1. Among His449, Val205, Phe312, whose Cα projects farthest towards the positive end of the dipole of the chain, with charges put on the beta-carbon of Lys, Arg (+1) and Asp, Glu (-1)?
2. Below 10 angstrom from the Cβ of Ala293, what's the summed charge of the other residues (Lys, Arg +1; Asp, Glu -1)?
3. Report in % the part of the accessible area of the chain that belongs to carbon and sulfur, leaving out ligands and nucleic acids; probe 1.4 Å.
4. Based on Cβ point charges of +1 for Lys and Arg and -1 for Asp and Glu, what charge dipole magnitude is obtained for the stretch 453-542 about its Cα centre, in debye rounded to the nearest 20?
5. What does the extension gain come out to for Asp431 and Val40, with contour length at 0.36 nm per residue minus their alpha carbon separation?
6. Just the number please: accessible area per residue for the stretch 257-374, 1.4 Å probe, all protein chains included, in Å².
7. For the stretch 244-397, with only Lys/Arg (+1) and Asp/Glu (-1) charged at the beta-carbon, what is the dipole magnitude about the Cα centre, in debye rounded to 20?
8. Summing Lys, Arg as +1 and Asp, Glu as -1, what charge do residues with Cβ under 13 Å from the Cβ of Asp98 carry, Asp98 excluded?
Amino acid sequence: TFTIGPGPATPGAVSLVWSGDSTIAMSYTHGAGKVLALGVDPVGGGRVGHELLPELGRQIMAMTGAKGPRRDGLELYLDPGTLNNGVAGKLSIDQMVDLAAEAKVVHVAGWNFGFTNPNDDFKYQELIDKLHARGILVYAWLEAPLVNLKMWEDWPQCRERTADGREAIVVWRNLMALEDPGCFDAAWSYWRPFLSKLNWDGVNVAELYFEADINPQDETPYHPSALARYGADPKADREKFLNWRTSVVTQLNADMLAQLNGLPRAAEMNFMLTVIDDDLDPKLARQVGSRIADLARVAKEAGATLQVEDPFTQWSKGPLRYDQAQKSLSAIAGDQPAFFDVNVVNRDDTTGAVPVTPKMTGVELGLAAMSAGRAQGRVAFYAIGTIATQDVAMIPASLAGSAATTDSGVNAPFSVFVPAPTNARRSAIVDGKPWPFGAGGVIVPKGEHKIEWSDAPSQVPGLFRFSAELGTATATESSLELRYDSRLRAFGITDRKPTSMSIDGTLLTADEFSGSVTVAAGGENRFLVKLPAGSHGVALAF
């Protein structure tokens, strides 16, 4: 039994966490509230808090009914070819869309096409359309030097070679010799139609580097064209060869972005480079040819975003490792858009060290999301299929970890969604003005805001989702005016169908309007509004 205050506590529901036959955390009702009693100290002995009880945070939220701000900044990787529900084979596109529901951007593997039987090609446009209907942007995720199976089969002369002379199938990628100009052009004969014919919002050129000599026989590039281009024996001067590889990696990334900027819809798309951080592990970055300062410059010159992946050698370190990484990334990127890519995979057999937990989950994953997203409020996670569904649902709240709730509202460094304190609240006044209310709360701009909640039904149009950074909002019974900033094409979801739309004071034509406002998924009375990238004012009439 527990004794709390002047008398014994009344047992409440069930124990929250169990360890073998011993209860180590229990919930009790006491008066008008509840008490959580722990039999262990989760932060004792130098621990951060996730090591012993990774699920405790989620259980406390369930016990208390606590609600906090959420940040729409989650980006998720999705490889349709690897998703399996264990019973009926591959997941359906609708199931994939449901798994991605919390994302702002989904990066979809761009190599599941070009099969001998066209019916085996993944239905990319169907997935794109259904994600767009949820207000989610979709990027093609390229893993160059991998192109696809068809190029591997059609161009054997372009298959990369490893240090031991074999064709370069390393880990899971079939690598092409993109350092050969003819092979690079051949690769683009596959990529160009794939990227041009589908309604992508952007392209992510990820991990375009050479293979390391962690296993010496796997090192690349040893294709005849690479050796001829280098013009010397790679073993004669190791440092010289590594320097050459790094310069080629930098140039290949620049060449990829130049090709992307030549696509027919390039002006409507956002491009990014995903690169290895050479500050966290200079040795590994050197081995693969990644010099982040040079790649950041290449991205900036091409108008691209930089996505930084911490090396696998860092994965066994604590989730707050991104606090330190943020400082070096800010110094390199400056005002250039840059954010982190976090891998959630089994680590015990990849890092060479024994981590505290074999894979991030629960509190540990939440701390990593908060730490990595502290500056931008934007983090990419690998991947749908490796992260538990309940953990994906938690990430938006973790990304808003920099936001502070006050007695009267919220103070945040970027736009956040603030849920109403109870389900009975159905409208809100923000900073003294009627505010668009939707999905049980309001989206507010960065800064400090006073929020007054009401049980009365909202009299102004509602806003369920808004993927841009919100600047201001003005709402009447028949109109909604928003100022926003977005590097990407943006989506908003309203609870009424607009009858007209203006961008920066210019009324859209009938054709422009019909292409910009469609029915959204997720229930009745939801309408998707497509908005251009940049800083704009949009006025919707209802």
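The values are calculated or read from the model by the stated rules, or taken from the named source; none is laboratory data. Quick caveat, the model's predicted, so the values are computed rather than measured. Cβ sites come from the backbone with ideal geometry, for glycine too, and all protein chains shown count toward neighbours. Note: accessible area is taken over every heavy atom of the protein model, side chains too, but ligands, DNA and RNA are not part of it. Shrake-Rupley method; radii C 1.70, N 1.55, O 1.52, S 1.80 Å.
1. Farthest along the dipole direction, towards plus: His449.
2. Overall, the nearby charge balance is -1.
3. Working: 12430 of 23280 Å².
Carbon and sulfur: 53 percent of the exposed surface of the chain.
4. Values: 8 positive and 10 negative charges, 49 e Å.
Using Cβ point charges on Lys, Arg, Asp and Glu, the stretch 453-542 gives about 240 debye.
5. Details: separation 391, 0.36 × 391 = 140.76 nm, distance 4.36 nm.
Between Asp431 and Val40, full extension yields 136.4 nm more.
6. Values: 4470 Å² over 118 residues.
That works out to 38 Å² per residue.
7. Working: 14 positive and 17 negative charges, 27 e Å.
For this selection, approximately 120 debye.
8. Working: positive: Lys130, Arg134; negative: Asp94, Glu102.
That works out to 0.
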